[in-house]
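Engineer: Sharing a structure below in structure tokens format, with a few things to ask.
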Amino acid sequence: MTTASLADYQLIQTLRGVGVLKDLEGPRIPAERGTIVIPCADGDRITDLLTKHWGVCDGHPCHHTLSLNGGPLLIPESSPIAKLGEGQIIKEHAYGGHRLKAVTTVMLYGHWPCGAAITNGLSLYDTLVCCVSAKDEMRTFLQSRGIEPTVILCFHVDYADGRKKSYYFDRRAWNAWQASKASIQAAE
Ligand SMILES: [Zn+2]
């Protein structure tokens, strides 16, 4: 099983502190008709991830799950881990899920430590950047098919001490944190 470094957990703490990774709460998720869930297949974490997902969606039962190794990391056209055109397949199946179930909420779950990411040389930061691209590309794809989706990015963390947590990823806080990093670097 893959493990995270101390520096990874420190970055997660930083992202918690600046509001990028927020506690995952039901009101953030419009799940009245269920969700299309796109997590990594990681068998050591998926039970916890989906259990928390079902819980936070307040018992609404329809969670249409599309899960491959790496999950949302496969979606971007520039994905460093997709080798077989998985991104297009996942996007088409998300659209198919919408057609089958009339669901418009798509949940992307990145996670750490992710073996698919680590074995392909991605750091935690790279993984987060890739997840953000996945969210953008999924939304653009579904819009091109005439859907106005709600695409939500979440991030699951295994703290390796018995705690596993799912967080809501706040894009605006991420952009603000990136901008503050860039301004600090420019001033140096
Ligand atoms: Zn994974």
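Readers should treat all values here as calculations from the given coordinates under stated rules, not as data from a laboratory. Being a predicted model, the structure only gives us computed values, none of them experimental. Here Cβ is always computed from backbone atoms with ideal geometry, including for glycine, and neighbour counts include all displayed protein chains.
Engineer: With a Cα-only, solvent-free Debye model of the chain, what are the log10 I(q)/I(0) values at q = 0.10 Å⁻¹?
Structural biologist: -0.38
Engineer: After finding the eigenvalues of the alpha carbon gyration tensor for region 1-81, what semi-axes result from the square roots of 5 times each, listed largest first in whole Å?
Structural biologist: Equivalent ellipsoid of region 1-81: 23, 19, 13 Å, largest first.
Engineer: Please arrange E25, E86 by counting, for each residue, the other beta carbons lying within 10 Å of its beta carbon, fewest first.
Structural biologist: E25, E86
Engineer: Which chymotrypsin sites (Phe, Trp or Tyr not before Pro) does region 87-188 hold that lie in a coil by DSSP with at most 14 other beta carbons within 10 Å?
Structural biologist: Hits after loop and neighbour filter: Y159.
Engineer: While we're looking at this one, here's another question. Please list the radius of gyration and Dmax for region 44-136, considering alpha-carbon atoms only, with Å as the unit.
Structural biologist: Gyration radius and largest Cα-Cα distance of region 44-136: 13.5, 37 Å.
Engineer: Amide H to amide H, which residues 5 or more places from N69 or on other chains are under 5 Å from it, using H placed in the peptide plane?
Structural biologist: Those qualifying (amide H under 5 Å, at least 5 residues apart or on another chain) are A41.
Engineer: Right, next: So which aspartates and glutamates can K101 reach, going by Cα to Cα under 17 Å and dropping same-chain residues fewer than 8 places off?
Structural biologist: E32, E92, E148
Engineer: Same structure again: Just to confirm the number: angle between the C-alpha axis of helix 46-56 and the first principal axis of the chain, 0 to 90 degrees, nearest 10?
Structural biologist: 70 degrees
Engineer: Near K22, which lysines are there with a Cα under 21 Å away, not counting those fewer than 8 places off in the same chain?
Structural biologist: Hits, sequence-local ones excluded: K52, K135, K164, K165, K181.
Engineer: DSSP loop (so not H, G, I, E, B), at most 10 other Cβ within 10 Å: list which trypsin sites (Lys or Arg not before Pro) in region 50-91 pass both filters.
Structural biologist: Here the sparse-neighbourhood loop sites are K83.
Engineer: To continue, here is another question. In whole percent, what relative contact order does the chain give with Cα contacts below 8 Å and a gap of six or more residues?
Structural biologist: Relative CO of the chain lands at 28 percent.
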